[in-house]
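Peer 1: Dropping a structure here in structure tokens format, bear with me for questions.
Readers should treat all values here as calculations from the given coordinates under stated rules, not as data from a laboratory. Not measured: the values here are computed from a predicted model. Heads up, the Cβs are rebuilt from the backbone with ideal geometry, glycines too, and the neighbour counts pull from every protein chain shown.
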Ligand code: GAL
């Protein structure tokens, strides 16, 4: 059956290079929101145009916790997909388990080392060989604003944490939900890491979330970040617990809420709704983090294949991901910026252009570019999980003090190391 399906796919597309075999590529991801689905469809179409079969394996759930659980089950039963969206240090964890396939041939043939930022390339390699291909760069420390809502509340766009609370009060007094949020551990952690960046700056952030330095984890800046996190909970609506992130973005789009603190995958939702950056909605650095960049690089890791045809389909997909055409269309839909530093940004909107500028400036100066803790860039999945637990417990508690929170945070990180 599968063979027939494959042949049929090749016949329809009819673009297989001579001597090539039509294969199947099954891709596990969690890109199910409007903007995300539009983005991944670009890859599906390109793979199919090359004559291969795309088998979509999407597992809903923001930040991919559900997807990773399903992936582990499939891998344990000896049947992993051809490719899965796996990020950051988790790529090394899968490499250690011996599952990943080398992409070195396709990387060499297409000159990946020439145009990928060194910090990104090294994360994609296991034992010096490419085993994953990066698709984009997301910036996490963004704030999304409905300007009409702010104007009708007489509020202005906040650039500092003090201003943020002023704006939030004005929005609330005017009857709006000030902050659109979904109470899920990863979303709570997404706000928390931006608060740490605002209260402690990039150096403290890195000491805490990359080095796991106990003094940093129990510092005054960390206490302050928790104090602000509690304040966030005062401006949410009753529907916040458990809400998906894209539903929160919709509240900003519909004008029910004034702002959302979320990475620029949120921009994919504004784009999918046909809205224009800078007019219908604003993207502004999370208050107090202007000039810094919390990065989150999505990537597709490759699993060993049993047949040559499927290996070929997999390698074709990897090549396509770093093609200029894919980088352009995928990232316009996804809200991220291309991972190729040589990409022409002229057709991108002002948010993406600002993102690229800050990404380049921070990576060139070596100051202000930090990996996202909440999105698996700064640490192992077990330490990330330990941090999530404490942050979410605090977020949902009215009695945990800041002292208790920082001490629990340091203890949880120590135990997970
Ligand atoms: C992030 C991922 C993004 C986006 C987001 C919401 O971890 O890097 O691509 O999908 O989760 O699901």
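Peer 1: What's the exposure ranking of 391, 131, going from fewest to most Cβ atoms within 10 Å?
Peer 2: Ranking 391, 131 by Cβ neighbours within 10 Å, fewest first, gives 131, 391.
Peer 1: For residue 108 and residue 234, FRET efficiency with R0 = 45 Å and r from the beta-carbon atoms, rounded to 0.05?
Peer 2: According to the calculation, E is roughly 0.25.
Peer 1: Okay, moving on. How large is the convex hull of the C-alpha atoms of segment 44-187 per residue, in Å³?
Peer 2: Once divided by residue count, the hull of segment 44-187 is 187 Å³.
Peer 1: Report the Cα centroid-to-centroid distance between segment 298-341 and segment 223-266 in angstrom, as an integer.
Peer 2: 32 Å
Peer 1: Using a simple spin-label model with points 7 Å from Cα along the Cα→Cβ vector, what separation in nm is obtained for residue 21 and residue 166?
Peer 2: For the pair residue 21/residue 166, the computed spacing is 6.7 nm.
Peer 1: Another question, then. Return the equivalent ellipsoid semi-axes of the chain as a descending list in whole Å, where each equals the square root of 5 times an eigenvalue of the C-alpha gyration tensor.
Peer 2: Equivalent ellipsoid semi-axes, largest first: 37, 24, 19 Å.
Peer 1: Let me ask something else about it. Given 0.36 nm per residue, what is the gain on full extension from residue 148 to residue 74 after removing their alpha carbon distance, in nm?
Peer 2: Roughly 21.9 nm would be gained on extension.
Peer 1: Let me ask you something else. With the crude spin-label approximation of a point 7 Å out along Cα→Cβ, what separation in nm comes out for residue 415 versus residue 381?
Peer 2: 2.0 nm
Peer 1: Moving on to the next point. Highest mean first, what order results for 396-407, 119-130 on Cβ atoms within 10 Å?
Peer 2: Sorting 396-407, 119-130 by mean packing, highest first, produces 119-130, 396-407.
Peer 1: Mean separation of Cα pairs under 8 Å and 6+ residues apart, divided by the residue count of the chain: what relative contact order is that in percent?
Peer 2: Taking the mean separation of contacting Cα pairs over the length of the chain, I get 26 percent.
Peer 1: On to the next question. When the helices in the chain are scored as -39500 (n - 2.57) per DSSP H run of 4 or longer and the sum is shared across all residues, what 222 nm value do you end up with, to the nearest 500 deg cm²/dmol?
Peer 2: Computed mean residue ellipticity for the chain: -15500 deg cm²/dmol.
Peer 1: Can you give me the C-alpha center-to-center distance between segment 98-139 and segment 354-417, rounded to a whole angstrom?
Peer 2: Segment 98-139 and segment 354-417 have Cα centres separated by 25 Å.
Peer 1: A further question on this structure: Using the alpha-carbon atoms, what tilt in degrees (0 to 90, nearest 10) does helix 308-321 show relative to the longest principal axis of the chain?
Peer 2: It works out to around 40 degrees.
Peer 1: Run the simple label-point estimate for residue 227 and residue 389 please: 7 Å along Cα→C-beta, distance reported in nm.
Peer 2: A separation of 2.8 nm, rounded to one decimal place.
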